[in-house]
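Asker: The following block contains the structure, expressed as structure tokens.
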Amino acid sequence: MPWSETEPFVGHVPTSRLRLASRRLTRLHPAQIADLVEAASHNEGEEILQAVGHDKELEADVFEELNDEHQVEFLKERSDEEVAGVLARMASDDAADLLLEIEQDRRIPVLNLLPAAKQLKVKRLLGYNPSTAGGLMNPDFAALPADATIGEALAQLRQSELAPAQLLTLWVIDAHGHLAGSVLASELLRGPERAVVTSLIETAVPMVSPETELPEVARLMADFNLLAIPVIDSDEKPLGVVAFDDVLELLLPDQWRRRAGGARE
């Protein structure tokens, strides 16, 4: 970014304001905003998060990108209700991870403040080892009935509230609730609308159990060139999906995770 386009977040004059927020801050990717927060002082980081906080969904996305230390730092002074509000908007797997990072005596009160559906998902995730497929998976994923036509599947996707990245791979479920395979969203767009989605399944999709360790999950995803891999129970019914970015995040060395440069002293 050219210096001519930069503006200070917090100046030495008490009346300085975060002018970047309304003009450029919300146009940045959440990971870029997290970079700024992590490289800033605590007060500067608070000011950035306050500006982002006008968009609650963006605020949750930024917290997902912050490392554990900074997540705890910027939630420490918030009330249990405010912490629960952030967790409620985060992906369930990220919310479960963050819940384990906050003070132990606050975990149950915060968990009890989550919406019932979110609370149930987080409780289930907390039962798995964080370094296994069960601990990495997101229980929210795009599922299509095996007898659906491509036209019906596209109509379902248009109404989905899942994040765009979660709609890249779609999981086909048969009448018994078993995983029949997967299709890519791009394949739906190129197929005839009256065709059945199962006609697009060409190869069997690899699956893992909740107990599968991270290295094996990573190996399978690399071998099969997968954006995501399903986690199934003993009856081959899907429990959740592990995305490649969640695997990559754990495999990357800590010093590679941020591009922002020098951390605060």
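The values are calculated or read from the model by the stated rules, or taken from the named source; none is laboratory data. Worth saying up front: this structure is predicted, and the values here are computed from it rather than measured. Positions of Cβ are generated from backbone atoms using ideal geometry, with glycine treated the same way; all protein chains shown enter the neighbour counts.
Asker: For the condition surrounded by fewer than 17 Cβ atoms within 10 Å (Cβ to Cβ), hydrophobic (A, V, I, L, M, F, W, C) and assigned by TED's automatic domain parsing to the domain that holds PRO206, what is the one hit in ALA148, ALA155, ALA117?
Answerer: Just one listed residue meets the conditions, ALA155.
Conditions tested, residue by residue: (1) buried (at least 16 other Cβ atoms within 10 Å of the Cβ); (2) in contact with an Asp or Glu (Cβ under 9 Å, 6 or more places away or on another chain); (3) at pLDDT 95 or above.
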residue	(1), (2), (3)
SER22	no, no, no
ARG27	no, no, no
HIS42	no, yes, no
ASP68	no, yes, no
GLN71	yes, yes, yes
LEU99	yes, no, yes
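Asker: Sort out which residues of the stretch 175-202 are part of a loop (DSSP other than H, G, I, E, B) and touching a residue at least 12 places away in the same chain (Cβ under 8 Å), and write them in order of number.
Answerer: Within the stretch 175-202, ALA175, GLY177, HIS178, GLY191, PRO192, GLU193, ARG194, ALA195, ILE201 meet the criteria.
Asker: Let me ask something else. Suppose we filter the stretch 49-61 for residues that are more than 18 Å from MET90 (Cβ to Cβ) and touching a helix residue (DSSP H, G or I) at 6+ places or on another chain (Cβ under 6 Å); how many remain?
Answerer: 1
Asker: Okay, moving on. Between residues in the stretch 152-174 that are assigned to a loop (DSSP other than H, G, I, E, B) and basic (Lys, Arg) and residues that are at pLDDT 95 or above and surrounded by 13 or more Cβ atoms within 10 Å (Cβ to Cβ), which pairs lie under 6 Å by C-beta distance while being six or more apart or on different chains?
Answerer: none
Asker: Which one of these is in contact with a Pro (Cβ under 9 Å, 6 or more places away or on another chain), farther than 24 Å from LYS121 by Cα, modelled with pLDDT of 90 or more and of a type outside the set (Phe, Trp, Tyr): ALA153, ALA195, ALA175, ALA222?
Answerer: Answer to the selection: ALA153.
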